[in-house]
Structures are given as structure tokens and as C-alpha cells.
Amino acid sequence: MSGDSALRIVHVYPTVLGLYGDRGNALVLASRAQRRGIAAELVTVEPGERVPSAGDLYLLGGGEDLAQTTAVDLLRADGTLQAVVERDAIVFAVCAGMQILGHTFAAASGIVAGLGLIDIDTRAGDTRAVGELLVMPTALALPVLTGYENHNGRTTIGPSAQPLGNVECGIGNGDGSGHEGVVQGRVIGTYLHGPALARNAALADLLLAWAVGAPLAPLDDRTAVALREERLRAARGAHHTPSRSRRNNIVSRVLHRKDV
């Protein structure tokens, strides 16, 4: 971001990659920038439109199988995300959006090639991960992250990347490692919905600070803090309730839509 231009937030394919509130991530970033007097432009790109190469921060959200495979084909043909990751642009990708950036992911049609921009592979799990998700960050200096997961993916991280953090409550990457999400350079991927950046103001501010290249002034975050505290209590309370796993198993059997 240059000193005389607006912060450019590029929301990629929100009509097909925007499940479970992920559209809100773009709104949160723009709002938190503007509240600090930072000019911010929100650019929405839909399938069939060219992804702009001059963005400061790119967002991808969750989507079902067909949406996910359609999106990866369009993005591969477009080529812009590959170019911006190579120049160290910031990318925040949730669920299906994260899997698209990896080497491979699972869909109803089988294993699909991703964009290969981060060192992960995702296969289908035997059960669905549904419920509150808490993550203790290890790759970034952040407080505990809160969100909601709804996916069938089991994501394995390769040696070129590192996990976003360790799972406190929930399933996360589900590969047996106890990890959640991925960080590689300035690309962050996670299974946290909610939207994630509304639930986790510190994560939103980290992305903004990377984009503007300077520390950010603090905000009056009483509402965000109250939301976090409520969600943390709810997740930790459910985690210690013996019937939680049984409830989640029932939910997983009746949910037919896939956001892998």
C-alpha cells in the first residue's frame, strides 16, 4: 500500500465462496481500517471477472463442492492469485478457500488439483467436523482464536508451511496432529467461520498492519471483546459437556452439504 492510495481489499467470488458469514471478513477489515482514518476500498470480484493484481489484501471464503471446483478452475485460468502470492501479497482464506490454495483437495468427483500456492493437501474425512472451534495460535502472536467449523476435510501440512495453531476445542485440520489452519509467508488459511475476523479483532488488525506496513492505533473494541468472551465461554462450556460429541455426531449425519 502506497502512502497516497487507499487500502485495497479484494473479496474473491463471494457469491460462490461465501458460506457461514465469510462475507463479513471483508466488511470487518474495511470498517476497522476506516475507523482509524485509513482509506479503504472494498473490491468484489465475481466469477467471470478478472481478479485485480493491485490488491493489498485478498479474501476467499467457504463453499460447497461444485462452487469450490468451479472457483479453482476459474482462478487457475485467471492466474492473478498465483502472481500476487509470488509478490508476497496478503491472502486470508477460509475453509474451501484455504483448500483451493493447496496442492489437492477432496470433492464429490474425487481428488482435485488446487492452485499449489501453499503446502497443504486435503482429503475427505469419515465424519464431519461441526461445532465451535478454539485455536491457540503458534505461528502468530495472537490471543486464542474463536470460530465455527463445518467441513469434511482432513488437511495435512507440508514442510514449507506451518500450522496456524493448536486446537483447544473442535477438530481443526483433523489429520491427527491437533493442528488448525496454515500459515505460509503472508498467506493464512483456517477452518474458522463466524466470520473469523468479526470474532477475532486481533487477527483482523494483524492483517491490516501487514497491509499498511505500520502498527495500528487501538480502537474501542468493547462490542468485539464482549462477543469474544461470550463465544469462548460457550465453546469451553460445550467442550466440557459429555453429550457434546454425541450431539455433533447427530448433526454430522443430517448435514448433506459439503464445505470441504
Tabulated pairs, the range 221-240, first closer than 16 Å to Ala204 by Cβ and modelled with pLDDT under 90, second crowded, with 17+ Cβ neighbours inside 10 Å and of a type in the set (A, V, I, L, M), C-beta under 8 angstrom, 6+ apart or interchain: Ala224/Ala198; Ala224/Ala201; Leu227/Ala198
All strands (runs of 3 or more DSSP E) inside the range 109-216 with 1 or more residues being touching a residue at least 12 places away in the same chain (Cβ under 8 Å) and either farther than 29 Å from Leu66 by Cβ or in contact with a Phe, Trp or Tyr (Cβ under 9 Å, 6 or more places away or on another chain) (or both): 110-113, 120-137, 145-157, 165-169, 187-190
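Can you pull out the residues in the range 118-128 that are touching a helix residue (DSSP H, G or I) at 6+ places or on another chain (Cβ under 8 Å) and surrounded by fewer than 22 Cβ atoms within 10 Å (Cβ to Cβ)?
Just the residues of the range 118-128 that are touching a helix residue (DSSP H, G or I) at 6+ places or on another chain (Cβ under 8 Å), to begin with: 118, 120, 122, 127-128.
The one that is touching a helix residue (DSSP H, G or I) at 6+ places or on another chain (Cβ under 8 Å) and surrounded by fewer than 22 Cβ atoms within 10 Å (Cβ to Cβ): Thr127.
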Those residues of the range 166-178 which are at negative phi and surrounded by 24 or more Cβ atoms within 10 Å (Cβ to Cβ), in sequence order: Asn173
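Quick grid of which residues meet (1) touching a helix residue (DSSP H, G or I) at 6+ places or on another chain (Cβ under 9 Å); (2) over 17 Å from Val183 (Cα atoms); (3) of a type outside the set (S, T, N, Q); (4) crowded, with 18+ Cβ neighbours inside 10 Å:
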{"residue": "Leu7", "(1), (2), (3), (4)": "yes, yes, yes, yes"}
{"residue": "His11", "(1), (2), (3), (4)": "yes, yes, yes, yes"}
{"residue": "Val16", "(1), (2), (3), (4)": "yes, yes, yes, yes"}
{"residue": "Ser53", "(1), (2), (3), (4)": "yes, yes, no, no"}
{"residue": "Leu59", "(1), (2), (3), (4)": "yes, no, yes, yes"}
{"residue": "Leu81", "(1), (2), (3), (4)": "yes, no, yes, yes"}
{"residue": "Gly102", "(1), (2), (3), (4)": "no, no, yes, yes"}
{"residue": "Ala107", "(1), (2), (3), (4)": "yes, yes, yes, yes"}
{"residue": "Val112", "(1), (2), (3), (4)": "yes, yes, yes, yes"}
Pair list, Cβ < 6 Å and 6+ apart or interchain, from the range 12-36 residues that are at negative phi and without any contact (Cβ under 8 Å) to a residue 60 or more places away in the chain to residues that are surrounded by fewer than 19 Cβ atoms within 10 Å (Cβ to Cβ) and in a loop (DSSP other than H, G, I, E, B): Pro14/Arg23; Thr15/Glu46
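The values are calculated or read from the model by the stated rules, or taken from the named source; none is laboratory data. Since the structure is predicted, the reported quantities are computational estimates derived from the model, not experimental observations. Cβ coordinates were reconstructed from backbone atoms using ideal geometry, including for glycine residues, and neighbour counts include every protein chain displayed.
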